[in-house]
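Below is one structure; the comments refer to it alone.
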Amino acid sequence: MDSSNSNSQAGMPLRSALSVLANARQAEDVVITNQGSSRVWPLIAQHPLDFHLNPSTMGGAIPFGVGIALAQPQREVIVLTGDGSLLMSMGSLVTVMAAGCNNLTIVLLDNNIYDVTGGQKTAASDLKNDYHGLARSVGFPTVDSFNDLAGWTEGVTRFLQSQGPRFAWLQVDPALADDMKTIQEPMDEQLSRIGHELGC
Amino acid sequence: MLFSGEEIVSVLTDLGITHVVWIPDTSLGLWESALEESPGFDLLRVCREGEAWPLAAGLMVGGKTPILMMQTTGLFESGDALRNIVFDLKLPVIAIIGARNWMNPDSQDTAKTFAEPILQAWGLEYQIVEDPSDKPKVAEWLGRCLKMNKPGIVLLAE
């Protein structure tokens, strides 16, 4: 299926970008997905510490990750969020810093559109947003930007091993239409599984 | 305010609360120093109330016992987050909601008008605390919610 969208920007293929992260992620890390990533990640990786926050409230993944990170300070928590979701809760980046959870990584999957609703523009689509500068301005000690697969592949391990909290801005293509049809593990089963894995 | 900061800290400590996730208003805000200084739990500040519900959810999934504090206006603002966490994830979040202008019988404040209808629309069980004689209800109600693993709201008159 064609993933092109007239409103989107040129970026990494989403599946490929997520595969790089799945390979770099440590076995004890928690990965939280949301919206589009919650459909695509399970096609790439199945891990007991994956949690797909879907259905969700848009913008909810980052604060959810903050909660896990604070409750489980011995673990690293990786949150995947889209640009549309981040735009709905920009302040959550400040909340991350205020909470002082150094074991949190945010990976922004920026496709410049609302992917799950059909590729409409966001309010930011025609602007030159600097998410890198945004994260830096609220105090993230590690901020990185990746707009090609080679750079992301080369840089992901160094990024994940840098001082947290971390923020990576990835420019990605929209998801493939078929990938968005993924049937997800039911929420109650997810909660039971991750609760067990976290020892709760 | 019906409770001093020290009184509410005592209630929360006895309940085993680990984190208070809040955005204060002028009434709840009087508790700030007491909440912050309490050794029994952490005070977490969010930027908008919609963050508070998923943050509490993450804490609960990670094994902690949070409580939310916000004004009725924040409850209204965060309705979709509440819906997702309490009804999609079915997590039994508890909260103290400051009911703005509740004590003012002449108030036409729509935040007062809609407080109970909104809670009823969400199907959330709540306990109104509006008189000093009601104060023990806070610990009783929240303790019952925690014990029964169900969501619950204290609507605290302001």
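Readers should treat all values here as calculations from the given coordinates under stated rules, not as data from a laboratory. All figures in this text were calculated on a predicted structure; none of them were measured in a lab. Positions of Cβ are backbone-derived with ideal geometry, glycine not excepted, and every protein chain shown enters the neighbour counts.
The residue that is farthest from the other protein chains (Cβ to nearest Cβ), among those in the range A:89-104 that are surrounded by fewer than 20 Cβ atoms within 10 Å (Cβ to Cβ) and of a type in the set (A, V, I, L, M, F, W, C), is A:Met97. Listed by position, the helices (runs of 4 or more DSSP H) inside the range B:21-136 whose residues that are under 14 Å from A:Phe64 (Cα atoms) number at least 2 are B:49-61, B:79-82. Condition check for B:Ser78 on (1) at the interface with chain A (Cβ under 7 Å from one of its Cβ atoms); (2) touching an Asp or Glu at 6+ places or on another chain (Cβ under 9 Å): one failure, at (1). Of all the criteria given as (1) under 19 Å from B:Gln71 (Cβ atoms); (2) in contact with a Leu (Cβ under 8 Å, 6 or more places away or on another chain); (3) within 8 Å of chain A (Cβ to nearest Cβ), the one not satisfied by B:Arg45 is (2). Which one is surrounded by the fewest Cβ atoms within 10 Å (Cβ to Cβ), of the residues in the range A:149-167 that are among the hydrophobic types (A, V, I, L, M, F, W, C) and in a helix (DSSP H, G or I)? Filtering first and then ranking leaves A:Ala150. Selection over the range A:24-49 of residues that are buried (at least 23 other Cβ atoms within 10 Å of the Cβ) and free of Cβ contacts under 8 Å to residues at least 40 places away in the same chain gives a count of 1. Among the residues of this structure, B:Arg100 counts as one that is of a type in the set (Lys, Arg), crowded, with 17+ Cβ neighbours inside 10 Å and either within 14 Å of chain A (Cβ to nearest Cβ) or in contact with a strand residue (DSSP E or B) (Cβ under 6 Å, 6 or more places away or on another chain) (or both).
Scanning the range A:68-86 for residues that are of a type outside the set (A, V, I, L, M, F, W, C) and either in contact with a Pro (Cβ under 7 Å, 6 or more places away or on another chain) or under 18 Å from A:Asn111 (Cα atoms) (or both) gives A:Thr81, A:Gly82, A:Asp83, A:Gly84, A:Ser85.
On inspection, B:Val20 does not qualify as surrounded by 18 or more Cβ atoms within 10 Å (Cβ to Cβ), of a type in the set (A, V, I, L, M) and free of Cβ contacts under 8 Å to residues at least 40 places away in the same chain. All of (1) facing chain B (nearest Cβ under 10 Å); (2) crowded, with 22+ Cβ neighbours inside 10 Å hold for A:Val107 with one exception: (1). If B:Gln108 satisfies all but one of (1) touching a residue at least 24 places away in the same chain (Cβ under 8 Å); (2) over 21 Å from B:Lys137 (Cβ atoms); (3) not small (Gly, Ala, Ser), what's the number of the condition it fails? Here B:Gln108 meets the rest and fails (1). Looking across the range A:168-195 at every residue that is away from every other protein chain (no Cβ under 14 Å), outside any loop (DSSP other than H, G, I, E, B) and among the small types (Gly, Ala, Ser), the one that is surrounded by the most Cβ atoms within 10 Å (Cβ to Cβ) is identified as A:Ala168.
Per the conditions (1) part of a helix (DSSP H, G or I); (2) on the phi > 0 side of the Ramachandran plot, the sole criterion not satisfied by A:Gly139 is (1). The condition of being within 29 Å of A:Gly118 (Cα to Cα) and within 14 Å of chain B (Cβ to nearest Cβ) holds for only one of A:Ala61, A:Ala45, that being A:Ala61.
Summed over the range A:152-166, residues that are more than 14 Å from the chain's Cα centre (by Cα), of a type in the set (Val, Ile, Thr) and within 19 Å of A:Leu14 (Cβ to Cβ) total 1.
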